[in-house]
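Engineer: One structure follows; several queries about it will come next.
The values are calculated or read from the model by the stated rules, or taken from the named source; none is laboratory data. Small disclaimer: the values here were computed from a predicted structure and weren't measured. Don't worry about glycine lacking a Cβ; one is built from the backbone with ideal geometry, like all the others, and counts go over all protein chains shown. Only protein heavy atoms, including side chains, enter the accessible area calculation; ligands, DNA and RNA are left aside. Shrake-Rupley method; radii C 1.70, N 1.55, O 1.52, S 1.80 Å.
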Amino acid sequence: NELPQYDINLKKYYEYLTSQMDNTLTSEILSCLDFSININELENINPQSHHIKDDLKTLSPILNENFSRGGMKLYHDSFRRYNIEKLEESNGLQNIYKLITEWLKKQGFYQNDKAYRYLLGYYIKLDKFKKVKKYATNNFLTKSLYHGYSETIIKMNYDNFLYVATETQDWSLFI
């Protein structure tokens, strides 16, 4: 296999990269993640984890590995967009978000930094507003502080609550 001719928008290169994989689920998950991830976490999200090592080898030219920041992440936003557009065309984007959301939920909202930071955002992407509302309790702030979350991160979740209140016109979240 030889590399494709130069293409200014990299689409041909991304098609080439993904054609080298038996399955594109790993690249799709990585494209939909809003955070870095280590290989064990990726294996727990991906139901086809037996492909991961080969997939990561194929994707290595566009992966950024920084273990002090939580693992690996795609550093080509255009590859992320390429995969997300393909998923939107095939109605598969929601399925990938569900895989990520299920994994985050299993980690425990207050117990896991990634779950605390990102779970509510993924529920919003899935239009699961009722699930977000379940976290908007009277003891949210107390639990957040008890688990050591900073004001900035707590505010991020309050912004998620505000977004859901606005979308659903349910202001009881703030009463």
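Engineer: I need the full set of residues from the stretch 53-105 which are over 17 Å from Glu28 (Cβ atoms) and either aromatic (Phe, Trp, Tyr) or touching a residue at least 60 places away in the same chain (Cβ under 8 Å) (or both), in order please.
Structural biologist: Phe67 - this is the single residue of the stretch 53-105 that is over 17 Å from Glu28 (Cβ atoms) and either aromatic (Phe, Trp, Tyr) or touching a residue at least 60 places away in the same chain (Cβ under 8 Å) (or both).
Engineer: Taking the stretch 144-169 on its own, how many of its residues are more than 16 Å from Tyr123 (Cβ to Cβ) and under 22 Å from the mean Cα position of the chain (by Cα)?
Structural biologist: Summing the residues that are more than 16 Å from Tyr123 (Cβ to Cβ) and under 22 Å from the mean Cα position of the chain (by Cα) in the stretch 144-169 gives 7.
Engineer: List the helices (runs of 4 or more DSSP H) inside the stretch 103-175, counting only whole elements, that have at least 2 residues being open to solvent by 50 Å² or more (accessible area, probe 1.4 Å) and of a type in the set (A, V, I, L, M, F, W, C).
Structural biologist: 140-146, 151-168
Engineer: Can you confirm whether Tyr75 is touching a strand residue (DSSP E or B) at 6+ places or on another chain (Cβ under 8 Å) and aromatic (Phe, Trp, Tyr)?
Structural biologist: Yes; evaluated as a whole, the condition is true for this residue.
Engineer: Just name the residue that is nearest to Tyr146 (Cα to Cα) out of those in the stretch 113-123 that are out of contact with any Lys or Arg (no Cβ under 9 Å at 6 or more places or on another chain) and not aromatic (Phe, Trp, Tyr).
Structural biologist: In this case the residue turns out to be Asp113.
Engineer: Let me ask something additional. Quick check on my filter: what residues within the stretch 86-102 are touching a Ser or Thr at 6+ places or on another chain (Cβ under 9 Å) and either surrounded by fewer than 18 Cβ atoms within 10 Å (Cβ to Cβ) or aliphatic (A, V, I, L, M) (or both)?
Structural biologist: Leu87, Ile96
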